[in-house]
1. So for the stretch 2-91, averaging the separation of alpha carbon pairs under 8 Å that are six or more residues apart and normalising by length, what relative contact order in percent results?
2. Going by C-beta contacts inside 10 Å, put Arg54, Arg30, Arg9 in order with the fewest on the left.
3. Taking the Cβ of each residue in Phe5, Phe84 as the centre, tally the other Cβ atoms inside 10 Å and list the residues starting with the fewest.
4. Quick one: Asp79, Asp12, fewest Cβ neighbours within 10 Å first, how do they rank?
5. Based on Cα coordinates alone, diagonalise the gyration tensor for the stretch 2-91, multiply each eigenvalue by 5, take square roots, and list the semi-axes in whole Å, largest first.
6. Gap in Å between the Cα centre of the stretch 1-37 and the Cα centre of the stretch 42-81?
Amino acid sequence: MDALFASGRIVDAILALVAAEALLLAWLARRRGVALPALLANLVSGAALMLALRAALTGAGWPVVAGWMLAGLLAHLTDLGFRFRAGATAHRRTPLQPGTTPQSAAFSASTLENL
């Protein structure tokens, strides 16, 4: 195990699993109509952090580690942008209806926010 960590090969194995996950998610997204860019931005964020870890384990200089961490931050911000845009769009499509119905609770998180 020491050799796997010292050489960074453990990260390579994890990145191979992330790549397999990306392929599986791309296939599922195509079949189910899920937005693929948001999924990929999330995976790229994690992969960049794994590459920063690999660089640190193998003794790369701080600019290399910081560069991978910056790449992870940018991918994470992209992922958040997709999520906020999707959430804002979904919220606009379903405005809150006043009052209660047999299908809704008298007090829910969304009704308490409007108080």
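None of the figures in this text is laboratory data; all of them are computed from the coordinates on show. Since the structure is predicted, the reported quantities are computational estimates derived from the model, not experimental observations. Methodologically, a virtual Cβ is constructed for each residue, glycine included, from the backbone with ideal geometry; neighbour enumeration extends over all protein chains shown.
1. 30
2. Going from sparsest to densest Cβ surroundings: Arg30, Arg9, Arg54.
3. Phe84, Phe5
4. With the fewest neighbours first, Asp79, Asp12 line up as Asp12, Asp79.
5. So the three semi-axes of the stretch 2-91 are 29, 17, 6 Å.
6. The two parts, judged by their Cα centres, are 15 Å apart.
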